[in-house]
Amino acid sequence: DTEVTQTPKHLVMGMTNKKSLKCEQHMGHRAMYWYKQKAKKPPELMFVYSYEKLSINESVPSRFSPECPNSSLLNLHLHALQPEDSALYLCASSPGQGDGYTFGSGTRLTVV
Amino acid sequence: GESVGLHLPTLSVQEGDNSIINCAYSNSASDYFIWYKQESGKGPQFIIDIRSNMDKRQGQRVTVLLNKTVKHLSLQIAATQPGDSAVYFCAEIAAGNKLTFGGGTRVLVKP
């Protein structure tokens, strides 16, 4: 299996909702990432997990809460989002330091 | 090139011609560079990479050139095909396993 699988593919949520994005990989990769991508912009790094521990948080608002339950799974918990948080959320994984990044197809999130 | 505002730089190329996409990176400590292709509704797809101890690397129909002196990266696509139409991003990795994307370039292949 050489893929990063993200669910759901599309999500519409209200500003008072709580939802979660899920990401899964079975390549044995030990680093996993969340990126946010707005239209016509490059992906922007949000969080990095290395060996199931949060190693980088790019000053992301607390309404986004990452979780890494095990080495194959990465979640992003969403609560009290704003319409400007609408974007494509991408998950990626890599074997470790510095190479072999594989991206999922993303979750298209719309906050209404 | 860098994206400005809501508009991506666009490279329009005739099918069969060669394409050259340029990227300026910012961190002189970056030691690994990757080109990604992103089609509409999909995640970035790896095309080719290069380490900072190399100047050139070739793949199938693609070549990446790295000029560390001026912090410039380019992607050359030979015999561009309609399936090459997409947005292309360069990305760099410095310390801390942090992959940072540069601005994208949209490639439109005309039949």
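The values are calculated or read from the model by the stated rules, or taken from the named source; none is laboratory data. Since the structure is predicted, the reported quantities are computational estimates derived from the model, not experimental observations. Because the Cβ atoms are built from the backbone with ideal geometry, glycine has one as well, and the counts that use them run over all protein chains shown. Heads up: the accessible areas ignore ligands, DNA and RNA and are worked out on the full protein's heavy atoms, side chains in. Shrake-Rupley method; radii C 1.70, N 1.55, O 1.52, S 1.80 Å.
Before moving on, here are some points about what is shown:
- Near the amide H of B:Leu11, within less than 5 Å, lie the amide hydrogens of B:Arg106, B:Val107, B:Leu108, all on another chain or at least 5 residues away, with H placed in the peptide plane.
- In the structure shown, the pairs A:Lys36/B:Lys110; A:Lys53/B:Lys98; A:Lys18/A:Lys53; B:Lys37/B:Lys71; A:Lys53/B:Lys68 are assessed against 25 Å; a Cα-Cα span above that value is assigned to A:Lys36/B:Lys110; A:Lys53/B:Lys68.
- Sorting B:Asp84, B:Asp17, B:Asp55 by solvent-accessible area of protein heavy atoms yields B:Asp55, B:Asp17, B:Asp84, largest first, with a 1.4 Å probe.
- Listed residues B:Ala78, A:Met15, B:Phe46: farthest to the positive end of the dipole of the protein assembly as shown (Cβ charges): A:Met15
- Solvent-accessible area of B:Thr100 with every protein chain in place, 1.4 Å probe, in Å² to the nearest 10: 60 Å²
- Pairing chains B and A buries close to 1800 square angstrom of accessible surface in total, based on protein heavy atoms and a 1.4 angstrom probe.
- Net +/- balance of residues flanking A:Leu73 in space, Cβ distance below 10 Å, scoring K and R +1, D and E -1: -2
- Restricting the calculation to Cα atoms, every distinct pair contributes to the Kirkwood radius of chain A, found to be 13.9 Å.
- Rounded to 5, the percent of DSSP beta bridges in chain A classed as antiparallel: 90 percent
- Per residue of peptide B:29-41, the mean number of Cβ atoms on other chains within 10 Å of the residue Cβ is 2.
- If both residues of a DSSP beta bridge must be in chain B, then about 90% of such bridges are antiparallel.
- The Cα atoms of the range B:67-111 define a convex hull whose projected area, averaged across directions, is 4.3 nm².
- In the range B:21-60, the C-alpha radius of gyration followed by the widest Cα-Cα span (Dmax) gives 11.8, 34 angstrom.
- Net charge dipole, the protein assembly as shown: roughly 280 debye, given to the nearest 20, about the Cα centre with Cβ charges of +1 for Lys and Arg and -1 for Asp and Glu.
- The string of couplings for the range A:67-82 from the Karplus curve (6.51, -1.76, 1.60, θ = phi - 60°) is 8, 10, x, 7, 5, 9, 10, 9, 10, 10, 8, 10, 8, 6, 6, 10 Hz, one whole number per residue in order, with x for Gly and Pro.
- Tail beyond 33 Å, pair distance distribution of the protein assembly as shown (Cα, percent): 16 percent
- Diffusion of chain B by Stokes-Einstein, at 20 °C in a medium of 1.002 mPa s and with Rh set to the Kirkwood radius over alpha-carbon pairs, works out to 152 µm²/s.
- Solvent-accessible surface (1.4 angstrom probe) belonging to A:Thr2, in square angstrom, nearest 10: 110 Å²
- Solvent-accessible area, 1.4 Å probe, carbon plus sulfur percent, for the range B:61-110: 58 percent
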